[in-house]
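S.K.: Quick one: structure below, then a few questions.
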Amino acid sequence: MSTTADLVSALKKELKAAQMTYADLALAIGMAESSVKRMLASGEMSLGRVDEICRALKLDFAELARRVADAQPLLREMTQEQERAVVADKKLLLVAICVLSQWTLEQMTARYRLTEAECVKYLVQLDRIGIIDLRPLNRYRLKLAKTFRWRPHGPVMNYFREHALLDYFAGGFDGTGEGVMLVHGSVSRTLAPGFLERLQRVAQDFAQQHQTDQKLHEKDREGYTLVLAMRSWEFEAFARLRR
């Protein structure tokens, strides 16, 4: 839960869903209706009082906490500090990439040399950083929006530029479902943002298909990395030849 206001807002929604009035709640928890109104307006209540309200609503406190967490806005971008924490430990970065792909703990330990204890430790760290909401049985909810992207000049992208970019483009791109295209041209500055929007839609389609195909057996899926880019750029060797 992020703030008391979020908790109070969730309680009000539950009261409305249960068609319980303030008068009904006051009777159930032994308070005056006016006191209930003041309490919910100010947000000042003890955990014991929250527990009483939950019992009146026949709602488990853990379930209320989960609903509050689910209502939090999803992150489209992390802070510098969050990304710096992720790249500080390469195994943590690996687990972060895995959770972005919605892998289970069992899949991570089966694919990589990670013990269950290590995976749990890194999932706890990702929960503290704010990337996931860790739940019982080591399940989690990703707190990143579908439009999420790493900061263009943040710690994670800088790490991949330094350590992974050449490795990625060293591939032949000649396998099934692989390809690389290099297209150069001069177009209207007013039209360029439209091409970028199309690229973003392709990225979102890819991410959505990834989510859909998680129900397939692992042998029917293959891991792909899609890189989409567009920028005003001239190869440095060509730029040095300019008059």
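The values are calculated or read from the model by the stated rules, or taken from the named source; none is laboratory data. The model shown is predicted, which means the values in this text are computed figures rather than measured ones. Note that we place each Cβ from the backbone using ideal geometry, even for glycine, and neighbour counts take in every protein chain shown. With ligands, DNA and RNA removed, areas are computed over all heavy atoms of the protein, side chains included. Shrake-Rupley method; radii C 1.70, N 1.55, O 1.52, S 1.80 Å.
S.K.: Quick one: what are the phi-derived ³J(HN,Hα) couplings along segment 171-188, Karplus 6.51/-1.76/1.60 with θ = phi - 60°, whole Hz, x for glycine and proline?
M.R.: 3J(HN,Hα) across segment 171-188, in whole Hz: x, x, 6, 10, x, 4, x, 10, x, 9, 10, 10, 10, 10, x, 10, 10, 4.
S.K.: Can you match semi-axes √(5λ) of the Cα gyration tensor in Å to one of these, (i) 25, 23, 19; (ii) 34, 18, 17; (iii) 47, 23, 17, based on a calculation from the structure here?
M.R.: Among (i) 25, 23, 19; (ii) 34, 18, 17; (iii) 47, 23, 17, the one calculated here is (iii).
S.K.: Amide H to amide H under 5 Å from Tyr140: which residues, 5+ apart in sequence or cross-chain, H placed 1.01 Å off N in plane?
M.R.: Amide H neighbours of Tyr140, under 5 Å, 5+ apart: Arg135.
S.K.: Quick one: what are the phi-derived ³J(HN,Hα) couplings along segment 219-230, Karplus 6.51/-1.76/1.60 with θ = phi - 60°, whole Hz, x for glycine and proline?
M.R.: 5, 9, 10, 10, x, 10, 10, 9, 10, 10, 8, 7
S.K.: Still on this structure: So what is the accessible area of segment 6-79 per residue, in Å², with the probe set to 1.4 Å?
M.R.: On a per-residue basis, segment 6-79 sits at 60 Å².
S.K.: Continuing with this model, one more query. Would you rank Asp213, Asp60 by solvent-accessible area, highest first, keeping every protein chain in place and using a 1.4 Å probe?
M.R.: Highest to lowest solvent-accessible surface, that is Asp60, Asp213.
S.K.: Using only protein heavy atoms and a 1.4 Å probe, report how much of Glu222 is accessible, in Å² to the nearest 10.
M.R.: Around 130 Å² of this residue is reachable by solvent.
S.K.: So if each residue of separation counts as 0.36 nm, and I subtract the Cα-Cα distance between Phe148 and Leu94, what length gain in nm does that give?
M.R.: This chain segment gains 17.7 nm when fully extended.
S.K.: Can you list the HN-Hα couplings for segment 19-34, worked out from phi with the Karplus curve (6.51, -1.76, 1.60; θ = phi - 60°), rounded to whole Hz and with x for Gly and Pro?
M.R.: Running phi through 6.51 cos²θ - 1.76 cosθ + 1.60 with θ = phi - 60° gives 6, 9, 7, 4, 5, 4, 5, 4, 5, 5, 10, x, 10, 6, 4, 4 Hz.
S.K.: Also, I was wondering about something else. Quick check: residue separation of Ala18 and Asp51 times 0.36 nm, minus the Cα distance between them. What number comes out in nm? Don't jump to the answer; show the numbers that get you there.
M.R.: Working: separation 33, 0.36 × 33 = 11.88 nm, distance 1.64 nm.
That pair, Ala18 and Asp51, stretches by 10.2 nm at full extension.
S.K.: For Leu75, list long-range residues whose amide hydrogen, built 1.01 Å from N in the peptide plane, is under 5 Å from its own amide hydrogen.
M.R.: For Leu75, whose amide H was placed from the backbone, the distant partners under 5 Å are Leu144, Ala145.
S.K.: Which angle from 0 to 90°, rounded to the nearest 10, does the C-alpha axis of helix 116-129 make with the longest principal axis of the chain?
M.R.: Taking Cα atoms only, the helix is inclined about 80 degrees.
S.K.: Need one number: nm distance between label points at Asn158 and Leu75, each 7 Å from Cα along Cα→Cβ, rounded to one decimal.
M.R.: 1.7 nm
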